[in-house]
Amino acid sequence: MSKRRIAWIAVALVGLLSAAGLVWSMFGSDRLTFTAAELQSRLNQQLPRTVRDVTIERVNVALADNRLALRIALQARVLQQPVSATVSARGVPRYAADQAAMYFDADDIKIEQLAIAGRTVVGQEGGRLGNTVRSTLQGVAESGIKAYLATRPVYRFKDDFKGVVLKAALVNVAIEQNTLAVTFSLWNLTVATGVFVLGLIILVLVIYWLVRHPRWGLDIIDAAVNG
């Protein structure tokens, strides 16, 4: 393959990447937002699922007052008894840089509804067995819920060009009123735009050089063949 052909291929690739990056940087947003419905849909993918002896059946998500609340329906077997429960938890957003993904950590986990062998247990009902099951289930539920959330990202950056820029520009992940907001640095995005502009300028100069010198690279091939 001649140098000229290699140069044109490089020009085409750089041009496509630079143009795509420039357009995205000019018209893209410096924030990503997710509603409760979007987060709930992501967390409920592939459910029901058993993790650490706990079967997660469904996760409900609510966003309000800068907080994220989770209500999780689960089943387990505790003290040889089939148990079903609804558990509440506070969702804490976490960005895992090594995986380029966002997760929720569960905090303040509480058992709200409990049924043992199909019988609903309210308050201190169920006697000693009910109290023992509730106490044991607390630890089992915490372990299972945290393990499940650690394997279910609510968002993962793609490995494409846009994803690389977004990962480099990310500065904050927080619950804001009724959305999960991911904020990016305007400065980093501006720098990226400058890089794209520079790439396009270099691209134009290379095209100009190739047009003005149509035999660039061909002289070397002719000399090698004639020699």
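All of the numbers you see were taken from the coordinates with simple rules; none came from a lab. Quick caveat, the model's predicted, so the values are computed rather than measured. Virtual Cβ from ideal backbone geometry, glycine too; neighbours counted across all protein chains shown.
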By average C-beta atoms within 10 angstrom, highest first, the peptides 91-103, 51-63
51-63, 91-103
Once you place label points 7 Å from the Cα toward the Cβ at ASP53 and GLN138, how far apart are they in nm?
1.7 nm
Non-local residues with an amide H under 5 Å from the amide H of GLU176, with H modelled 1.01 Å from N and Pro and chain starts lacking one, are ALA181
Under 5 Å between amide H atoms, partner at least 5 residues away or on a different chain: which partners does ASP105 have, H built in plane at 1.01 Å?
VAL92, ARG94
If only Cα atoms are counted, what is the Rg of region 34-157, and what is its Dmax, in Å?
15.0, 50
